[in-house]
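Here's the structure, in structure tokens; my notes come after.
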Amino acid sequence: MKLSLNGQEREFTVPLNVEQLLEQLELNRNQVVVELNSDILTAENYVDTQLKDGDKLELIQFVGGG
Amino acid sequence: MAAIPPNIIMQIFVNEQSCQVAAETRLYELRDSENQQADLLIVNGYPVSADQPLYDGDRVVLIVRGAVPTSDDLEALLMARHTPGVHEKIKGSCVGIAGAGGLGSQVAVALARIGVGRLIVADFDLVEPSNLNRQHYFIDQIGLPKVVALKENIKRINPAIKFTALALKITPANFKASFSGVDVMVEAFDDAEQKALLISHFLRTFSQVPLVAGSGMAGFSPSNAIVTRRVAKNLYLCGDGVTEARPGQGLMAPRVGIVAHHQANAVLRLLLGEEPE
């Protein structure tokens, strides 16, 4: 399946939910905000949200400081 | 004064009050009739030092330097250097700020200075000495809850601002009640996980309210690495995105302040109906 990640198209060969995608990309699930097709997800939805071909994701990573 | 025939009058604003004057009235003529002591004359948001003709719709503010104005005049005089029309649009607005540290305290001060009518600020922490290298507090406020200290400071800048101080830790359970009704939300936490947690819950719940967040402001990397970007439908991110606070890379007033003021200007642009990026 093809996913758009922050505007870049990427191909994945196995089915993935959001949790597994974040693991594969080595992103810390607790320091990232996920927008899937214009909807923001919260971390408790990650396992239940199965990704499908053509999905558009914005993955916004945060770093500490303020 | 005799009534002026309608074809030779113009409508101007003097200290934000609408009034009619004779067409072709000049600035010094107006000053002499309104307040001869005024020695700082501001026309359409800019101070002028010479007499000039006035035109229909002009906004003139007459200030006596060093004089503390009456409360009636105060609001107009505080806003005299604004771009005309801005204050009317933002004084009815409400902005939520989660966190009153280096980002939140400075965002709140900037928004109070421009006259955003209502601020709701939440923070559970107390002012301590290590905050003073970047946060808008003072030595004599050490030990006070940050939101209490910030409220005091804001009242000294602009007493017309309605300031709601929430001395509590914002969680997924209480953010809705705390920030319901805000026009724009500001994320101003220190911790990366707290940032992500608040932003995802807020935007999922209040899907129509824009949120302005900060990420990447530690150290003393170049100022120009800091930008404002739209990163999701209703999420704007200010910062360089990468320089995190960690051992060996501290947080200091200049870069934290730059990000805070990126956030404040993004809020202002959103309130005025402009895209921040």
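The values are calculated or read from the model by the stated rules, or taken from the named source; none is laboratory data. None of these values were measured; they are calculated from a predicted model. Glycine also receives a Cβ, built like all others from the backbone with ideal geometry; neighbour counts cover every protein chain displayed. Side chains included, ligands, DNA and RNA excluded: accessible areas come from the protein's heavy atoms. Shrake-Rupley method; radii C 1.70, N 1.55, O 1.52, S 1.80 Å.
Observations, loosely collected:
- Rg/Rh for the range B:80-129, where both radii come from Cα atoms and Rh is the Kirkwood radius: 1.07
- Convex hull of Cα atoms in chain B, direction-averaged projection (nm²): 17.4 nm²
- All aspartates and glutamates inside 15 Å of residue B:151 as judged from Cα atoms, apart from same-chain residues fewer than 8 positions distant: B:123, B:125, B:140
- Phi-derived couplings, Karplus 6.51 cos²θ - 1.76 cosθ + 1.60 at θ = phi - 60°, listed residue by residue for the range B:14-20: 10, 6, 6, 8, 5, 8, 9 Hz, with x used for Gly and Pro.
- Set B:89/B:176; B:169/B:195; B:89/B:162; B:91/B:162; B:91/B:195 screened for pairs whose C-alpha atoms are more than 20 Å apart: B:89/B:176; B:91/B:195
- Semi-axis lengths, largest first, of the ellipsoid equivalent to the protein assembly as shown are 46, 24, 17 Å, with √(5λ) applied to each eigenvalue of the Cα gyration tensor.
- Above 12 Å, the calculated P(r) of the range B:213-258 contains 56 percent of its Cα-Cα pairs.
- In this structure the amide hydrogen of residue A:6, modeled in the peptide plane, comes within under 5 Å of the amide hydrogens of A:57, A:58, A:59, none closer than 5 places in sequence on its chain.
- Per-residue Karplus couplings for the range B:122-138, computed as 6.51 cos²θ - 1.76 cosθ + 1.60 with θ equal to phi - 60°, are listed in order as 10, 6, 9, 8, 9, 5, 9, x, 5, 6, 6, 6, 7, 9, 7, 9, 10 Hz, Gly and Pro entered as x.
- The alpha-carbon atoms of the range B:102-164, seen along their principal axes, cover 30, 18, 18 angstrom, with the largest extent given first.
- Radius 13 Å from Cβ of residue B:12, net charge of other residues (Lys, Arg +1; Asp, Glu -1): -3
- Dimensions (Å) - the range B:6-79, Cα atoms, principal axes, largest first: 38, 24, 20
- Residue-averaged 222 nm ellipticity for chain B, from DSSP H runs of 4+ at -39500 (n - 2.57), nearest 500: -9000 deg cm²/dmol
- Taking every DSSP bridge with both residues inside the protein assembly as shown, close to 60 percent are antiparallel.
- For the range A:2-61, the C-alpha radius of gyration sits at 0.98 times the compact-globule guess of 2.2 N^0.38 Å, with N the residue count.
- For the range B:1-132: span of alpha carbons on each principal axis (Å, largest first): 62, 28, 22
- Rh by Kirkwood over Cα pairs, then Stokes-Einstein D for the range B:179-277 at 0.890 mPa s and 25 °C, µm²/s: 179 µm²/s
- Our note on the geometry: Cα centres of the range A:21-56 and the range B:231-250, 19 Å apart.
- The DSSP beta bridges internal to the range B:55-183 are antiparallel in roughly 10% of cases.
- Percent of beta bridges antiparallel (DSSP, the range B:87-271, rounded to nearest 5): 25 percent
- Computed with a 1.4 Å probe over protein heavy atoms only, the accessible surface of chain B comes to 48 Å² per residue.
- Other residues with beta-carbon under 11 Å from the beta-carbon of residue A:46 carry, at +1 per Lys or Arg and -1 per Asp or Glu, a net charge of -3.
- Phi-based couplings in Hz for the range B:201-206 (Karplus 6.51, -1.76, 1.60; Gly and Pro marked x): 5, 5, 6, 6, 7, 9
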